[in-house]
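For reference, the structure is listed below as structure tokens.
Each value in this text was obtained by applying a stated rule to the coordinates, not by laboratory testing. Because the structure is predicted, anything quoted here is derived from the model rather than measured. Positions of Cβ are backbone-derived with ideal geometry, glycine not excepted, and every protein chain shown enters the neighbour counts.
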Amino acid sequence: MDIALQYGRGTLPVHLPAGAVATVIRKPAMPLLPDPVGAVEQALVDAVGSPSLADLARGRRSACILICDITRPVPNHRLLAPTIRTLLAQGIAADAITVLVATGLHRPNLGAELEELVGDPWVLATVRVENHDARDDAMHVDLGPTPHGTPVRIDRRFVEADLKIVTGLVEPHFMAGFSGGRKVIAPGVAHRDTITTFHSHRFMADPLADNGVLDGNPLHREQLAIVAKLGPVYAINTVIDEHRQLSFVNFGEVVESHLQAVDFIRGYAMVEVPRRFGTVVTSAAGYPLDKTYYQTVKGMVAPMDILAPGGTLIIASECSEGMGSHEFVDAQRRLVAQGPDGFLRDIAAKRFADVDEWQTQMQIKPMQVGHIALYSGGLPREDHALTGVEVTASVDAAIAASIARTGDPAVAVIPEGPYVVPVHRAAA
């Protein structure tokens, strides 16, 4: 049996050995919006928990629109032009509209990459499009701590805008439960101190900081507390299918509209599976999520619930840009030198996490369940040891070796990677 995994800008064919019994885990078929442009325009009118965008924009002096960075396949080419045209029609000057790339602590998106991200030359020619920089102290406004002590410093271009809009993709997220909405603000345009506080060990180690979990999730709680300090914020939320086609879009008050999108995607992305497997094969969801090993960790965490203890999780990720940030590389070096237990002891007492070490902490979660094997055509050989996992030259060979070791021919395959979260539910 042959199965294609999402990999880079295409797919990676996987050939299961004779005798293997595959369970392919995908979202159920999702409805597609027959007129995506019209659906976006209508969403801006039929707002959730708020007036229409036109009514909101009337009489405003300025607007800031947040967009996710290049690591998220948000259909910005569908969203930005109708949004900006609505603002212009209601009298907001073009030079008073800023599209701000919510980079969090990621690198900026520039040049051709920024053109790809925005996806519309008219937008780039009409309004300012700028990158957030979490390390620039002067570009943030201190809004005071949350009730749980997280310092709240947010990009002043967003804080001081008369009309605040976020855009994003709503899908499972391995720390925050679901992406989009409030998450585009924090960590998206938050200061380094804000991000490194709620990405510290005490938050990441909480069992409710997990895929698909909002109730009791400490990151979600802090994000909502941050939103509450900003006054009215509005969101355009999207959901896409396995082929990156638009399945859902809405607009409205940021919390209420986001929850509506969560309710929609939860029924597709959280897939119940009646057993656990000694061999699980997945991807990092292809481009753009699999550009770095840093982002690949999400694909390792997503299928943990169906990995049998001591089983093998095989993940394919192109890693066309290598490991990721130098801070993440430093964290991976410590993981390799100290081992998982030593690494966790070392970070447990920190108030502020070191930048990007939280991704290493998350990688340890599946490592504590079973064996991890990585296939990557783009990761330089000199970086293989930094992954802390086995690097295999062949997904097919890794599958065959895992079946031989476990004696179990059953193999779970998740072509879309972390955009699908298998949940173990034993048969009644």
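Numbers at a glance
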item	result
Selected residue [buried (at least 24 other Cβ atoms within 10 Å of the Cβ) and touching a Lys or Arg at 6+ places or on another chain (Cβ under 9 Å)] from Ala269, Ala261	Ala269
Selection from region 214-257 of residues that are closer than 25 Å to Pro28 by Cα and in contact with a His (Cβ under 8 Å, 6 or more places away or on another chain)	Leu214, Asn237
Residue list for region 275-317, filter: assigned to a loop (DSSP other than H, G, I, E, B) and closer than 20 Å to Thr387 by Cβ	Ala284, Ala285, Gly286, Tyr287, Pro288, Thr292, Ala302, Pro303, Ser317
Matching entry among Val389, Val355 (being in contact with a helix residue (DSSP H, G or I) (Cβ under 9 Å, 6 or more places away or on another chain), closer than 12 Å to Leu313 by Cβ and aliphatic (A, V, I, L, M))	Val389
Unmet requirement for Glu272, which otherwise passes all of (1) charged (D, E, K, R); (2) closer than 30 Å to Met367 by Cβ; (3) not in a strand (DSSP E or B)	(3)
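Residue-by-condition table, conditions (1) without any contact (Cβ under 8 Å) to a residue 60 or more places away in the chain; (2) within 24 Å of the chain's Cα centre (by Cα); (3) buried (at least 23 other Cβ atoms within 10 Å of the Cβ); (4) over 23 Å from Pro415 (Cα atoms):
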residue: Gly311; (1), (2), (3), (4): no, no, no, no
residue: Met323; (1), (2), (3), (4): no, yes, no, no
residue: Asp341; (1), (2), (3), (4): yes, no, no, yes
residue: Lys350; (1), (2), (3), (4): no, no, no, yes
residue: Asp383; (1), (2), (3), (4): no, yes, no, yes
residue: Ser394; (1), (2), (3), (4): yes, no, no, no
